[in-house]
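As structure tokens, the structure follows; a few thoughts come after it.
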Amino acid sequence: MPSLAEELDSLTAEGVLYERLPDHAVRCYACGHNCLIRPGRRGICKVRFNADGELRVPHGYVAALQNDPVEKKPFFHLLPGAAALTFGMLGCDFHCGYCQNWLTSQALRDPACDGAGAYVHPIEAEQIVAAALRVGAGIVVSSYNEPLITAEWAVEVFRQARAQGLRTAFVSNGNSTPRALEFLRPHLDAMKIDLKAMRDRTYRQLGGTLEATLSTIRSAYEMGLWVEVVTLVVPGLNDSPEELMEAGRFLAAVSADIPWHVTAFHSDYRMSDTPNTSAAALLQAAEIGQEAGLRYVYAGNLPGSVSNYETTRCPNCQRRLIERRGFRVFSNSLTAEGRCPDCSALIPGVWKSAQVRGEPGPAPQAISAR
């Protein structure tokens, strides 16, 4: 039987996000590590490797393929209530001790993940898109592992998805590069980006840098992608009021209309001794986000225990526009153009007939739809 590494190496293609260097070395630009990879070696992600001066990257398989509510990603301002056909591969450029998808994300890094090969299924991009159409999905999403390190495969899928009128999205840790974002932008509608902390020391423990993530949030927003940000509130790691306020103020400075999801940690992987996030702590984090100036703050992973922080309200007249519990949408009174039916305020997001974006200030403005 082939090893997991041999199996994954057989499901690869030449990458796009790299340059050739002297002595058959390559420089990979898929994520913020910008790995220098010499012949026969692998990048930090373990799934991109140098074969005689050519960068080989994951291609032509999935390790997960599931039709989810888009709210599960979570996206709350991207076609609410729509189904999102979500695919994932193996590998990650981070090594978070609390990862909920560690069996797939830590493949080739943690020997406990060697069984992940059982989840690998060869597939064509056309088959993924056909499955999305068959189950009535409105969105195709790359998630479960870190999609930046499998960006070339995602773009192949997304090209075909958009040709069929489907939206496309990334669920990412945000450790991107300008070159990767430019490569993705023509094929991508939205990004959910993790803002894991506001301390660079914490980021380095997880495998990245704070500035790379902050830069990705700014750049993705400025490029016109629809951006939503998630902070998993982990007791003792990033849950101080001061750090949460710093995160909220950073996002508000980019745009007060970026939805911020503060979600509850539960013990997992290598952090089984850390207590779960309480509802009270999550409510405090959401209140801090509002105090920081954000118009759309949501609390997740504790359905029914977070007051009104699962509901989208009009920031102008406070009408309840989209009512949710967990991943389920119970009502949606937005107009097709994304307006409040009472006061006609434009709510930023990707709605039925358009993408609209608000700008800082009292009156959000529409931009043209892609």
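No lab work stands behind these numbers, since they all come straight from the coordinates. Given the structure is predicted, the values throughout are model-derived calculations rather than measurements. Note: ideal-geometry Cβ built from the backbone for every residue, glycine included; neighbour counts use all protein chains shown.
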Fewest to most neighbouring Cβ within 10 Å: what's the order for HIS59, HIS77?
-> HIS59, HIS77
Under 15 Å from the Cβ of MET1, count the other residues' Cβ atoms, weight Lys and Arg +1, Asp and Glu -1, and hand me the total.
-> -4
In sequence order, what are the phi-derived ³J(HN,Hα) couplings for the range 249-256 according to the Karplus relation 6.51 cos²θ - 1.76 cosθ + 1.60 with θ = phi - 60°, rounded to whole Hz, with x for glycine and proline?
-> 5, 4, 5, 5, 5, 6, 6, 5
Hey, what's the Kirkwood Rh for the range 289-350 if you take every pair of different alpha carbons, in angstrom?
-> 12.2 Å
Charge dipole of the chain about the Cα centre (unit charges at C-beta), most positive-ward option of ALA345, GLY289, PRO147 | ALA345
What length, rounded to one decimal in nm, is gained on full extension from ALA279 through to THR209, with 0.36 nm per residue of separation minus their alpha-carbon distance?
-> 22.3 nm
Global geometry of the range 4-58, whether rounded, prolate or oblate, following the gyration tensor of its Cα atoms and the 1.5 cut on a/c | prolate
Step through the residues of the range 34-42 one at a time and calculate ³J(HN,Hα) from phi using the Karplus curve (6.51 cos²θ - 1.76 cosθ + 1.60, θ = phi - 60°), rounding each to whole Hz and writing x for Gly and Pro.
-> 6, 4, 8, 10, 8, x, x, 10, 10
FRET efficiency estimate (nearest 0.05) - Cβ-Cβ, ASP342 to ASP110, R0 56 angstrom | 0.60
Pseudo-spin-label distance ALA118 to GLU54, built 7 Å along Cα→Cβ, given in nm, is 3.4 nm
At the level of C-alpha centres, the distance separating the range 43-96 and the range 234-286, in angstrom, is 24 Å
DSSP beta bridges in the chain [antiparallel fraction, %, rounded to 5] = 50 percent
Enumerate the amide H contacts of ARG339 below 5 Å, restricted to partners 5 or more residues apart or on another chain; note that Pro and chain-start residues carry no placed amide H.
-> ILE347
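Rounded, prolate or oblate: which one fits the range 73-127, using the alpha carbon gyration tensor with axes a ≥ b ≥ c (rounded when a/c is under 1.5, else prolate when a/b beats b/c, else oblate)?
Working: a/c = 3.12, a/b = 1.43, b/c = 2.18.
Taking the square roots of the gyration eigenvalues as a ≥ b ≥ c, the range 73-127 is oblate.
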Spin-label pair ASP268/SER240, simplified geometry with 7 Å Cα→Cβ offset, distance in nm | 2.6 nm
Among CYS317, CYS99, CYS45: highest mean-square fluctuation, GNM of the chain, C-alpha pairs under 10 Å | CYS317
Just the Cα atoms of the range 39-113: what Rg and Dmax do they give in Å?
-> 15.4, 47
Provide the three semi-axes, in whole Å and in decreasing order, of the ellipsoid equivalent to the range 61-342 as defined by the square roots of 5 times the Cα gyration tensor eigenvalues.
-> 27, 24, 18
Please give, to one decimal in nm, the separation of the simple spin-label points placed at SER333 and ALA25, each 7 Å out from Cα toward the Cβ.
-> 6.2 nm
In order through the range 156-162: 3J(HN,Hα) via Karplus (6.51 cos²θ - 1.76 cosθ + 1.60), integer Hz, x for Gly, Pro | 4, 5, 5, 3, 6, 5, 5
Nearest-0.05 FRET efficiency for LEU36 and ALA13 at R0 = 22 Å, using Cβ-Cβ distance, is 0.55
Most fluctuating residue of VAL229, VAL135, VAL306 in a GNM of the chain with Cα springs under 10 Å: which is it?
-> VAL135
Under unit Cβ charges (Lys, Arg +1; Asp, Glu -1), what dipole magnitude, rounded to 20 debye, does the chain have relative to its Cα centre?
-> 620 debye
Say we join alpha carbon atoms closer than 10 Å with springs in a Gaussian network model of the chain; which of ASP189, ASP93, ASP200 then has the biggest fluctuation?
-> ASP200
Computed E for ARG185/GLN127 - FRET, C-beta separation, R0 30 angstrom, nearest 0.05 | 0.75
